[in-house]
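Each reported figure results from applying straightforward, stated rules to the coordinates on display, with no laboratory input. Here the structure is a predicted model, which means the values were calculated and not measured. Neighbour counts are summed over all protein chains in view; Cβ atoms, including those assigned to glycine, are modelled from backbone coordinates with ideal geometry.
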């Protein structure tokens, strides 16, 4: 089954077919129960629409127990102009209806968790890889501002893909 939704207009027809095929393979390769989902019902590839105070990026998806789990970076600009990043999650049974985004990480510009990576099952736990992108004191007047030298990689753990540990395990970069 190939996805039939509009892909960004500047892609060539050959690239569009490649993207459609890759999307199909990623979603349905060895996931037989998900193959009953009618992708023709997808009206748009957009899951969450951003606005002037919210942005979504860095998606990672996992299919388990007839549910799609989406992990992503959620960026918020507060009324005072400060910018915060979080790792957030949402879930769907049909790729059309998604739960309200839920933040998994704390509000702290010294951390600014983002960029969820792999979600893997190891023994009896799920592991989610993510990073910090620290930008202390970051406001809209400073855009863009890059993360500082205290950025780290972390792993969060869960038994059920819903409740995630807040006892984050960190690895320092080699040589630090």
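Between residue 145 and residue 54, the simple label model (points 7 Å from Cα in the Cβ direction) yields a spacing of 2.4 nm. Descending by average beta-carbon neighbour count within 10 Å, the peptides 107-114, 119-126, 153-160, 69-76 line up as 69-76, 107-114, 153-160, 119-126, the highest first.
With N set to the residue count of the range 88-176, report its C-alpha Rg divided by 2.2 N^0.38 Å to two decimal places.
After normalising by residue count via 2.2 N^0.38 Å, the value is 1.24.
Both the radius of gyration and Dmax for the range 48-114 are 12.7, 42 Å, in that order, over alpha-carbon atoms.
Please sort 80-86, 100-106, 43-49 by packing, taking for each peptide the average over its residues of neighbouring beta carbons within 10 angstrom, highest first. Don't skip to the answer; put the middle values down first.
Working: 80-86: 17.6, 100-106: 15.6, 43-49: 11.9.
In decreasing order of mean packing, 80-86, 100-106, 43-49 become 80-86, 100-106, 43-49.
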